[in-house]
1. Compare ARG557, ARG340 by solvent-accessible area with a 1.4 Å probe and give them largest first, with all protein chains kept in place.
2. Whole Å is fine, so just give me how far the alpha carbon centre of region 326-346 lies from that of region 502-553.
3. Whose amide H sits under 5 Å from the amide H of HIS202, counting only residues 5 or more places off or on another chain, with H placed in the peptide plane?
4. Kindly report the accessible area of region 71-328 per residue (heavy atoms of protein chains, probe 1.4 Å, no ligands, DNA or RNA), in Å².
5. What pairs in LYS126/LYS210; LYS91/LYS186; LYS414/LYS558; LYS359/LYS547; LYS359/LYS414 have C-alpha atoms more than 24 Å from each other?
6. Any idea what the relative contact order of region 71-328 is, in percent, if you count C-alpha pairs under 8 Å spaced at least 6 apart?
7. Express the carbon and sulfur contribution to the solvent-accessible surface of region 346-418 as a percent, rounded to the nearest whole number, probe 1.4 angstrom.
8. In Å², what does the accessible area per residue of region 407-477 work out to with a 1.4 Å probe?
Amino acid sequence: MTPSDAKPATSSPAESSTGAKPTTRRVGAKRDPDAPDSAKGASRKGAAGTRATAEEMASRQRDISVSEFFAKNRHLLGFDNPRKALLTCVKEAVDNALDACEEAGILPDVSVVIEDLQPDRPASAKSSRYRVTVIDNGPGIVRKQVENIFGRLLYGSKFHRLKMSRGQQGIGISAAGMYGLITTGKPMVIHTRPSVKAAAHHIELAMNTKTNRAEVTVDVETADFPPQRLRELTPGTRAIEAFLSADIYRTGTSVSIEMEGRYQRGRGSVDEFLELTAIANPHARICWVPPSRVAVDDEALLPVAAPNAGTGGAGAVETTEVGGVTVFPSGVAELPAEPREIQPHPKGIELGTLLQMVKDYAVTEKGGTVYQFLQDRFCRVSASTAATMCQAAGVTSRTRARDVEAPDVDRLFKSFEEIRLAPPPTDCLVPIGVRQLLAGMLKGVRAEFYAASSREPSIYRGRPFQIEAAIAFGGELPADDSARVIRFANRVPLLFQQSACSSFKAVAETSWKNYGLQQPRGGGPVGPLVVMIHMASVWVPFTSESKEAIADYDEIRKEMRLALMECGRKLGTYLKRRHRMRREGERRDVFERYIGEISRSLHGLVGADPRKVYDALLKQARSRTAIADDVLDEDGRVMRQEQEVLEDVLVVDRSVPAGASVPKGTRKGCPPEDLAGGLFDGAGK
């Protein structure tokens, strides 16, 4: 149809009644540009309603509090589900307790108590209400800082310093209190005593998510620290004399949070977290009081060494359980070395950060020069290096920081990339150590072969880090399952998001087939194997605020692979040696099976002395299969040979029952004397 064939629009009854001349508009006709705006928008308003104006949209815009954001997105902090929320609450409190004790030079004594406030709930309930209490013997918290530490997100002392610590962001414990307030409406209860001579503070506070500030409801002084109510909680707490002892907890902090959660044993549980924390922190003593009622258990944890099994090395300390209370004792009586805070390294600075650092220095240091700025605010920058950088930036050593322009800072930044600098110092890191890794694996995993490796410190983005790895093989580990990967970051276990973690990717990329293990394409090894990886750094690059996985940086993954390859080579050597020993032992068994018959036959044919023949043939068999007599000591070396002691390998004979003693150099089976006695009695004489 052409435009000329279009029919005119029919006028409305209202127009006909007033006698107005009906208007006609052909299809495809253009709108009159001079028509009033009300006429232009009449059809749109009638179809879609009133639209907001710029002024109305501007009036609805307001600030978003960080606590409001995380209250709506609590899954980012690890509060995805009730079971994980309970673990996250315990994890954050225990991390803070260990950090505080170590920084104050106190051997940590941490007690974790979870009370089930709804023990009579139906079996079909998906969650319950719990009260989580964590008490430490640290230095305590001064009164004026309690509201900031427990009632504000993004507030802490560790974010701006380059020093190894468990906490980083200033979010964890205050977020746990916020979650408890959201799910139960109950405030946090804090007891803290910073001085032995003063009374403890009893404070109850709740976070106002609108303002990201704490609102205190109770603030009194009390002599009840540590809370004695917890000593009478269960028969186990009453039976353990040192539990919450006033002599041990002279100062410290107690935090209680009521929350909706789900307590369940197995993988990813509070039990596993505390067990792994005890392995990575042998200097800490941890008491664990679980709730009275437990949900259906998940899959079992790793096969652990039974108490008093005798598998531990010298000085090994066993975990004990009294009346349901588990005590992870401290294995060493000294604290790890105190890490030192360092300045940023020029190789890890970005241009925008450098601009802000120059501005801040100009404000805080009146009259400070660029020359002084480079030496004061960076590590590994000597006086001569600072002069060279100033020259490359087009400024003198007397140029003040406040007089520097953006182009000068840009040239200075480029000089950072061109000048060769020593790597950052590594005294800011405190690794677990090879021996402690082996001791932890031996205590927590029942295997037959253990190996550990500690890499030299390296850097990513100018930040130092160090990778440690350990493996356990054989023993009572399941032979048909995929290898278990245990991950740590600054001595803290990582229990979730394994596939997104750089540690797991490094395990999958390592060619375990070269070391005698099966490995599907793109996956981890299959067999009786446990892999432990620990990353120590001044700033661990987590993938999210929940700190569950390490980001995949090439430098980090490379160091992890190299550490795993070192352990793999030791395992491959052990497996080859063990296979050869078994093969030679089988050959000797074949020889010994016919030696007696040959001796009797020669005696009957030529009258040869059967004992001499037997001894000569047995000597030949043992000489040709001497490898079968090799005995490996606890460091994995052959005891009959003189060789260097290996400090990073441990071999345990799991074939011998606990408590039994086997003479060194004796094979299993009948001794040669018994064989001879059975051969010649009445036959050779």
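The values are calculated or read from the model by the stated rules, or taken from the named source; none is laboratory data. If you're wondering where the values come from, they're calculated on a predicted model, not measured in any experiment. Every residue, glycine among them, receives a Cβ derived from its backbone with ideal geometry; neighbour counts consider all protein chains shown. All accessible areas refer to the heavy atoms of the entire protein, side chains included, with ligands and DNA or RNA removed. Shrake-Rupley method; radii C 1.70, N 1.55, O 1.52, S 1.80 Å.
1. On the way: ARG557 40, ARG340 155 Å².
Sorted descending by solvent-accessible area, the residues read ARG340, ARG557.
2. Answer, in whole Å: 24.
3. The list, which skips near neighbours in sequence, is VAL220, GLU221, THR222.
4. Numbers: 10470 Å² over 258 residues.
Per residue, region 71-328 has an accessible area of 41 Å².
5. Values: LYS126/LYS210 30 Å; LYS91/LYS186 20 Å; LYS414/LYS558 27 Å; LYS359/LYS547 32 Å; LYS359/LYS414 18 Å.
Correct reply: LYS126/LYS210; LYS414/LYS558; LYS359/LYS547.
6. On the way: 511 pairs, mean separation 63.2, N = 258.
Reported relative contact order: 24 percent.
7. Details: 1870 of 4060 Å².
Here carbon and sulfur together make up 46 percent of the probe-accessible area.
8. Details: 2580 Å² over 71 residues.
In whole numbers, region 407-477 has 36 Å² accessible per residue.
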